[in-house]
Amino acid sequence: MTQDVPQLVAQAREGRPRAVARLISLVEGASPQLREVMAALAPLAGRAYVVGITGSPGVGKSTSTSALVTAYRRAGKRVAVLAVDPSSPFSGGALLGDRIRMSEHASDPGVYIRSMATRGHLGGLAWAAPQAIRVLDAAGCDVILVETVGVGQSEVEIASQADTSVVLLAPGMGDSIQAAKAGILEIGDVYVVNKADRDGADAAVRELNHMLGLGEARSPGDWRPPIVKTVAARGEGIDEVVESLEKHRAWMEEHDVLTRRRVARAAHEVETIAVTALRTRIADLHGDRRLTALAERVVAGELDPYGAADELVAGLTEG
């Protein structure tokens, strides 16, 4: 069914959750109206502060996200949570879509919570996450918290989608710096050792400090990621996390880093859309005589695969 996009956008700006939900559904479903939606949202977005929250399973991402929502709401901010969950192998929907840990915010009109399925996309995010963030931004949210799927050591994509990336760890989970193997300790702007009431919390902080110290040398004035201890289930240390986030945002604005990150994010999004469109056009060629003719020339030794690919791409772009 065709949606009245201008009306939906106007209602989303008024804070109506149903309109926001419909816009995100258009995004997730790759609706034919997606271009119209993005064109309508373009001049309205770019004001929200996007915070990515990532970490291995069991570190308390959902609990920490909920506690951050509470803190930002106390400050009078409109908050959105985009919680990326594993996909059901049957329906493709989000397996943890109920978000039980955030149920306390369900009736707050200043909070919008949306679960989004990865649908097989790697890197801890859903493929539609950038467009969903734009919807929430244009809807007037001050802060957008993006919680990754929590699949362990492949969560680094959030660094390209958030203004500030928060990496959560917890003591007593084996090697507290296991994620360093996949580079997750290279993406954080703020590090949080949650469940700090457990034994080993101080050791985890020391180990983390050591690992961060092994990174590339920083010049005077460069941002040094802080390490904050929290017990998110009790709200302890959450104000210090918010303070660290605000300090990082201020530093980025002072050093023009925030604009550069957002430009890089937009460039990545444009590139992804272009590559997806090109891949779709190539997929449409299966059984097409042009592709078959190129394949026959490769088999006959008249053309190498790279040359054939160049001719194929040239033909697609000219067409």
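Structure values in brief
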item: Other-chain or far-sequence residues with amide H under 5 Å of Ile113's (modelled H); result: Val81
item: Sequence of Arg134, Arg279 from largest to smallest accessible area, 1.4 Å probe; result: Arg279, Arg134
item: Linear extension gain, Val299 paired with Asp284, 0.36 nm per residue minus alpha-carbon span; result: 3.2 nm
item: Sorted peptide list for 190-199, 159-168, 32-41, criterion being average Cβ within 10 angstrom, highest first; result: 159-168, 190-199, 32-41
item: For peptides 108-114, 222-228, sequence by mean Cβ density within 10 Å, most packed first; result: 108-114, 222-228
item: Placed amide H near Lys229: partners under 5 Å, 5+ positions off or other chain; result: Val193
item: Label-point gap, in nm, between Val263 and Trp223 - each point 7 angstrom along Cα→Cβ; result: 1.7
item: Å² per residue, accessible surface of the stretch 190-319 at 1.4 Å; result: 64
item: Two-site FRET efficiency, Ala45 against Thr292, from Cβ-Cβ distance with R₀ of 35 Å, rounded to 0.05; result: 0.20
item: Long-range amide H partners of Gly58 with built H, under 5 Å; result: none
item: Segment Arg18-Glu36, length gained on full extension (0.36 nm per residue, minus Cα span); result: 4.6 nm
item: Relative packing of peptides 72-78, 245-251 - highest average C-beta neighbours within 10 Å first; result: 245-251, 72-78
item: Of Ala45, Ser25, Gln7, farthest towards positive along the dipole that unit charges on Lys, Arg, Asp, Glu beta carbons give the stretch 1-49; result: Ala45
item: DSSP-loop GluC sites (Glu not before Pro) across the stretch 247-319, with at most 15 other Cβ within 10 angstrom; result: Glu302
item: Which of Thr70, Thr54 is most accessible, then next, and so on - probe 1.4 Å; result: Thr70, Thr54
item: The stretch 1-78, accessible surface, carbon-and-sulfur percent (1.4 angstrom probe); result: 52
item: Modelled FRET efficiency - R0 41 Å, Val313 with Glu253, Cβ distances, 0.05 increments; result: 0.55
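The values are calculated or read from the model by the stated rules, or taken from the named source; none is laboratory data. From a predicted model like this one, the values you see are computed outputs, not experimental measurements. Every residue, glycine among them, receives a Cβ derived from its backbone with ideal geometry; neighbour counts consider all protein chains shown. Just the protein is used for accessible areas: all its heavy atoms, side chains included, with ligands, DNA and RNA removed. Shrake-Rupley method; radii C 1.70, N 1.55, O 1.52, S 1.80 Å.
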